[in-house]
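Beneath this line is the structure, given in structure tokens, with notes to follow.
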């Protein structure tokens, strides 16, 4: 194989890498004593959220616009991957007084 | 319906003031008993709803009530054991239980959508009353810091239940 033949292939790989987010991050959101901590946080599409429920109660993280609905059993950690961009207000369906905001960049 | 509901609220409000009228603020063993009793009452109402409710949101709400109130009451039992406190029966607990037994019998006569609406309306009224008692009487009176903190968590949970019940009531109309 001559070196020239590999170049387009390498270029395509590099371009492809530039389109995919550089590195998908893992972001922790803790639920402690009926509070989402932090109450406001920024993330990117493709990032993973680790929902850490420290309470003895089941909770949900439910997007008001319907983009996600995660149930977190008592004392459990659940992960979900962010699929859509936007500034999303979310709440707990079981305890609607629990509210927070997740700002997801494209 | 409205008359019956306001009568129930009036009776419960009287309870609160009757307990306050005793003069002395409730002791920690009494507070623990009142809080535990209030939880048991809501669990019993929820168990009735799980078997009687027709609407799926109402049924799911009742299941949430059993799960949360059992979790709070388990914490309360663990705490009194740790503190070596024996919950003490008292007039407020007795009046709450009597009122709840009457309410269960009244709700038991209803069927279908009438039952669903009445159960949810009572849940709103009941959580309002308990939350107000927690805020104005039980939390300020609690002397043990861990008991106070558990009551504060209870208040947040029950305020959530009240809002949840209000959302369901709005959808049932």
State all residues of segment B:28-58 that are over 20 Å from residue B:71 (Cα atoms) and free of Cβ contacts under 8 Å to residues at least 40 places away in the same chain; if no residue qualifies, say none. B:51, B:56
Residues of segment A:48-65 being within 16 Å of residue B:161 (Cβ to Cβ) and assigned to a loop (DSSP other than H, G, I, E, B), in sequence order, are A:55, A:56, A:57, A:58
Quick one: which residue in B:89, B:78, B:68 is surrounded by fewer than 17 Cβ atoms within 10 Å (Cβ to Cβ), farther than 26 Å from residue B:109 by Cα and either touching a helix residue (DSSP H, G or I) at 6+ places or on another chain (Cβ under 9 Å) or at pLDDT below 95 (or both)? B:89
Here are some conditions: (1) assigned to a strand (DSSP E or B); (2) over 9 Å from the mean Cα position of the chain (by Cα). Residue A:43 meets all but one. Which one does it not meet? (2)
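Tell me, please, whether a residue that is closer than 20 Å to residue A:58 by Cβ, assigned to a helix (DSSP H, G or I) and within 14 Å of chain A (Cβ to nearest Cβ) can be found in segment B:111-126.
Going through segment B:111-126, the residues closer than 20 Å to residue A:58 by Cβ turn out to be B:123.
With assigned to a helix (DSSP H, G or I) added as a condition, the list becomes B:123.
Of the ones still in play, those that are also within 14 Å of chain A (Cβ to nearest Cβ) are B:123.
Yes - at least one qualifying residue is present in segment B:111-126.
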Of the candidates B:170, B:145, B:105, the one satisfying the condition of being surrounded by fewer than 17 Cβ atoms within 10 Å (Cβ to Cβ) and within 14 Å of another protein chain (Cβ to nearest Cβ) is B:170
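The values are calculated or read from the model by the stated rules, or taken from the named source; none is laboratory data. Keep in mind that this is a model prediction, so the values were computed, not measured. Here the Cβ is made from the backbone with ideal geometry for all residues, glycine too, and neighbour counts use every protein chain on show.
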